[in-house]
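Reading through the structure tokens given below for one structure.
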Amino acid sequence: MLLDFLLPPVCLACRHLLRSPAAGGVPPLCSRCAPELAPLDPAARRLGDIEACFLYEGPLARAVTRLKFAGELELAGPLGRLLAHAPVWREGWDLVAPVPLHWRRALARGYNQAALLSRWAAREAPNGARVRPRLLHRVRATSPQTELDGPARRDNLAGAIAVRSGRSLAGLRVLVVDDVTTTGSTLTACLDVVRAAGAARAAGLALLRAAL
């Protein structure tokens with residue numbers, strides 16, 4: 001195809017050209033980087049109402065870091081499409097909401113990586129839902145979660161996330177998306193406010209799960 005010639009598939013980790021595009025749900029990685037991939041055991045993918053696809057290790061961890069902190073926005077497409085194959089999509093959703101950044105952090109970074117991933121995932125997922133990138137917002141700035149332990153993470157987020165004023169979610173099914181989850185505190189805080197706004201069903205989805 002002409003598109004493959006103009007935009008040939010490349011490895012997410014090392015950017016080397018691939019001989020052929022990856023199959024759906026399979027990360028586009030070369031033969032050297034693929035052995036480093038760390039998929040989650042199917043039995044460990046879902047903890048409560050939060051599902052994750054891969055461990056925060058190896059080539060996908062490096063790709064997410066480059067997307068978030070190096071401005072490599074071209075990685076959002078292939079990473080988001082991986083999310084589209086998560087089993088949680090089969091439940092059917094009315095809305096998809098990315099985990100929000102505080103406006104100062106969003107202004108400094110120039111984009112919300114969770115919103116980018118959400119758009120790509122919803123575009124390819126079965127039973128695609130409407131993405132609402134501004135459904136949730138950060139009421140106040142918080143300390144980086146990576147600097148805190150489990151209980152401190154929950155306290156850090158208390159009252160920090162809200163559904164935007166005037167948005168009723170009564171009877172709707174809402175999927176909240178993030179790039180990385182660790183203890184689940186951030187996604188849980190989002191799910192709590194979504195449920196409080198009347199959602200009939202709420203669940204979280206992250207590409208990677210990091211260990212404390």
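The values are calculated or read from the model by the stated rules, or taken from the named source; none is laboratory data. Model, not experiment: these values are computed from the prediction. All Cβ positions, glycine included, derive from the backbone under ideal geometry; neighbour counts span all protein chains shown. In case anyone asks, the SASA skips ligands and DNA or RNA and just uses the protein heavy atoms, side chains included. Shrake-Rupley method; radii C 1.70, N 1.55, O 1.52, S 1.80 Å.
Observations on the model:
- Of all residue pairs spaced 6 or more apart or on separate chains, those with beta-carbon atoms under 8 Å, a first member in the range 131-159 that is modelled with pLDDT of 85 or more and a second member that is of a type in the set (Ser, Thr, Tyr) are Val131/Ser118; Pro133/Ser118.
Residue by residue, here is whether (1) closer than 30 Å to Asp41 by Cα; (2) open to solvent by 10 Å² or more (accessible area, probe 1.4 Å); (3) outside any loop (DSSP other than H, G, I, E, B); (4) at pLDDT 95 or above holds:
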position	(1), (2), (3), (4)
Ala170	no, yes, no, yes
Thr183	yes, yes, no, no
Gly198	no, yes, no, yes
Ala202	yes, no, yes, yes
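- In the condition set (1) more than 22 Å from Asp192 (Cβ to Cβ); (2) touching a residue at least 40 places away in the same chain (Cβ under 8 Å); (3) surrounded by 16 or more Cβ atoms within 10 Å (Cβ to Cβ), Pro87 is compliant with all but (3).
- Taken together, the residues in the range 4-18 that are in contact with a Ser or Thr (Cβ under 9 Å, 6 or more places away or on another chain), charged (D, E, K, R) and modelled with pLDDT of 80 or more amount to 0.
- The single condition from (1) touching a helix residue (DSSP H, G or I) at 6+ places or on another chain (Cβ under 9 Å); (2) not in a loop (DSSP other than H, G, I, E, B) that Ala13 fails is (2).
- Listed here are the helices (runs of 4 or more DSSP H) enclosed by the range 37-121 that have at least 2 residues being under 21 Å from Ala162 (Cβ atoms): 103-109.
- Conditions (1) at pLDDT below 90; (2) surrounded by fewer than 20 Cβ atoms within 10 Å (Cβ to Cβ); (3) not acidic (Asp, Glu); number of the one not met by Arg123: (1)
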